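A.B. asks: Structure in structure tokens, see below.
Coordinate-derived values only; no laboratory data. Just so you know, these numbers come straight off a predicted model, no measurement behind them. Positions of Cβ are generated from backbone atoms using ideal geometry, with glycine treated the same way; all protein chains shown enter the neighbour counts.
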Amino acid sequence: MAGPPAAAASVLYVDGDAHAEAPPDQCPGDGSDASPFRSLDCAFASGAVRAGTAIQLRDAATPYAGVDSADHALPSGAALDPIVIEPAPGHAPILTGPLALHGLSFWTVRDLVFDGSGGAPSSEAIRITAPGGTAVAGVTIEGVTIRAWPGRGIVLRGTSTLPLSASTIQGCRIEGAEDAGLWLEHVAAILVVSNEISELRCTAYAPFTLCDECGAGQCAPCGDCLDEPLETCGATSDHEIGGQTGVRVLGDSTGVSLERNHFHDFLEDDCGAEGTRTAAIFVTAAGARDGLVTHNLIERIAPGNPDNGYGILMYQSAPGWQIEHNVLYDIGHCGLCEGDWLFHGSRQTRWWRNTVIGTAGAGIDVRWAAELEVAGNLVVDALDVPVRVGPEGTDQLPSFDDNLYWGDGTVGRWGEQPPLDLPAWQAECSCDAGSVDADPGLPPAPPLDPTPAAQGPAIDLLDSTSPEIFHGSAPDAGALEAPLVIDARIEAGTPDRVRLGLVSEAAPPLRGYEGCVGLTVRASDEVLALDSCEVEGSELVIRLVEPAVGGTDVTLDYADGTITDSASIGGRLGAHLRPFTLVVANDAPLPSADDTAGASAADGGTAGLDDGAGDAGDGDGEGCSCRSGAPGHPLALAWLLLLARRARAGARRARAGAD
């Protein structure tokens, strides 16, 4: 029973330990600091919730029950004044019941913990819906933790005629939910960014009857019979279906963006049975169209199981998706997947510059899909083949090009044929002309480092006309574009600083440099003490404890360090700066005037660039003085290539500015 109406306030407090003497069906308090509500239900019933209200929960001895807005008359917030449910400052309240909001726009749920380990109701932890005829937009769910929940984590559900739109799920941690971490159905313009979803539990199996034949030439895998009533089907088949999915997009959903999320450790054995699908990202239905999947990290999805485990699964004609710059590691059936044993894949999807490392089946598996572009992907250690195409039922075969494959010498399987090496694969599919079968030089995992070798075959593999920002003469294969080292110098006016020139435009800025880890500066073979490292523009500035002395040979070494770009694959992975050794152009002042006589470029002055002919090694005064830290890499040639890359990058920037 509600108490007297509370006055509208910008903050309404909820304290589960307040008013302990009152009967449990009463709602004493007015939501003030001195007299808080005892539950979310009381706050919702108070009549005090307005646009701009913050409902703040305090810690309580007993976790909070959930609340359903359908039991109350509540307003929407406003774009600049949302209604917020959040912890009170310094508190960490726990909910053991679901939160459901229906037909409410511009509400924010922030930093709450939903814990189902004590036996929460079997339903979604957070459910946001747009009932028929009600437009819902501007919902934000951020920083929420959901653990051991006996149902889906977060559900956004609109209708086919009026989708739930313009909403965000950001920075949430979902661990141990059942069936799906996120469920997005009939939505539009939804941003799902920087979430972590792991250790889901398999949903219980459910019977499923498929319409197999519904007319001449019509079949289930092609999707022709999806909407056919079973009583008019020519043939049906019964299946059991279940699974676990990090995020599922279905229904009439457009413009969904899945960015920088981390999906990992979907391991439950029950989801290895026939009829189940364990997938990090699952996009299904022809209405789920025109979305973006980018910079996600997907790890250990039914690892070792060739019959289950999908990294990214496109399904039932979902068209027009861009899937790019994702890293997938230790996946079961396939990494990049179009369709499966039951239904066909998508149409007009672009699989662009993803990295797949270690699959029990195929790295890329395409079944019953058409009008695809598969380019610039890096696939390593697929136990079946890097790419498999089932050509059956496709009216337009996928386009493959500029991919890098590495494994046992075979790269493709066409239908049920035996695996083929690259030339045979190219001839069989009439595709993949620009692709390469070669070792990209990835470091062994774990730990996972998907950065290709600096001089390896992944570098500059793609077409130079790409509109993307890239380093060098063309984009690299795979998800990452590693920073390039250009030069190192000590200027006369700042002899206590070594300036390392870098190109890192694809994912600026750098990170992991703060402790100068892995960097060593030597002068005449003496190690110089380092004070700090910082970034200034496109340079990494290494401050020395004592100024360098002119006329000495100075080198800069980098090995086993922590410097990466900020590509933030899954919020944590970037391209590592690869080991190198550079001769530093040392323009520091000479110790005395007498010592400057005869100084030359070889003594630390500014060296001119020549063609490198006749170079005898470092310090000969001719050509370049860059050598890679990896054995067997070219010396002078590598330096020339890097300088040429810097010149090309500058020309590109100049052209862009002119445009």
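A.B. asks: Counting Lys and Arg as +1 and Asp and Glu as -1, what is the net charge of the other residues whose Cβ lies under 10 Å from the Cβ of F263?
C.D. replies: With Lys, Arg at +1 and Asp, Glu at -1, the net is -2.
A.B. asks: Hey, how many Å between the Cα centroid of segment 267-333 and the Cα centroid of segment 46-109?
C.D. replies: Cα centroid of segment 267-333 versus Cα centroid of segment 46-109: 33 Å apart.
A.B. asks: Neighbouring Cβ atoms within 10 Å as the yardstick, rank E468, E86 fewest first.
C.D. replies: Working: E468 14, E86 19.
Neighbour counts put them in this order, fewest first: E468, E86.
A.B. asks: Assuming R0 = 60 Å, what is the FRET efficiency of D17 and T134, from their Cβ-Cβ distance, to the nearest 0.05?
C.D. replies: FRET efficiency, D17 to T134: 0.95.
A.B. asks: In whole angstrom, how long is each semi-axis of the equivalent ellipsoid of segment 463-599, when you take the square root of 5 times every eigenvalue of its Cα gyration tensor and sort them from largest down? Can you show the working numbers first?
C.D. replies: Numbers: eigenvalues 204, 51, 26 Å².
The three semi-axes for segment 463-599 are 32, 16, 11 Å.
A.B. asks: Counting Lys and Arg as +1 and Asp and Glu as -1, what is the net charge of the other residues whose Cβ lies under 15 Å from the Cβ of Q170?
C.D. replies: After counting each charged neighbour, the total is -2.
A.B. asks: Amide H of G390 versus every other amide H placed in the peptide plane: which residues, excluding those fewer than 5 positions away on the same chain, fall under 5 Å?
C.D. replies: Those qualifying (amide H under 5 Å, at least 5 residues apart or on another chain) are V366, R367, W368, G415.
A.B. asks: A further question on this structure: Run the simple label-point estimate for A427 and L383 please: 7 Å along Cα→C-beta, distance reported in nm.
C.D. replies: 3.1
A.B. asks: From the phi angles alone, apply the Karplus equation (6.51, -1.76, 1.60; θ = phi - 60°) to segment 303-311 and give each ³J(HN,Hα) in whole Hz, x where the residue is Gly or Pro.
C.D. replies: x, x, 9, x, 9, 8, x, 10, x
A.B. asks: Let me check I've understood the local charge: for L99, count other residues with C-beta under 10 angstrom from its C-beta, Lys and Arg +1, Asp and Glu -1. What total comes out?
C.D. replies: Numbers: positive: R127; negative: D68, E124.
So the environment of L99 carries a net charge of -1.
A.B. asks: Still on this structure: So what are the ³J(HN,Hα) numbers for segment 408-415, from phi and the Karplus equation (6.51, -1.76, 1.60; θ = phi - 60°), rounded to whole Hz, Gly and Pro as x?
C.D. replies: My calculation for segment 408-415 gives 9, x, 9, 10, x, 10, 9, x Hz in order.
A.B. asks: Under the Karplus relation 6.51 cos²θ - 1.76 cosθ + 1.60, θ = phi - 60°, what is the ordered set of whole-Hz ³J(HN,Hα) values for segment 14-19, x standing for Gly and Pro?
C.D. replies: 10, 9, x, 8, 7, 6
A.B. asks: For A180, which sequence-distant residues (separation of 5 or more, or a different chain) have an amide H within less than 5 Å of its own amide H, given hydrogens modelled in the peptide plane?
C.D. replies: Under 5 Å from the amide H of A180: R152, G153, T245.
A.B. asks: Where in segment 469-550 are there trypsin sites (Lys or Arg not before Pro) that are in a DSSP coil and have at most 10 other Cβ atoms within 10 angstrom of their Cβ?
C.D. replies: Counting only loop positions with at most 10 other Cβ atoms within 10 Å, none of the trypsin sites (Lys or Arg not before Pro) in segment 469-550 qualifies.
A.B. asks: So, in nm, how far is label D439 from label E514 when the simple model puts each one 7 Å beyond its Cα toward the Cβ?
C.D. replies: Each label point is offset 7 Å from its Cα along the Cβ direction, giving 3.7 nm.
A.B. asks: Right, next: FRET efficiency for D71 and E373, Cβ-Cβ distance as r, R0 = 60 Å, nearest 0.05?
C.D. replies: So the FRET efficiency works out to roughly 0.75.
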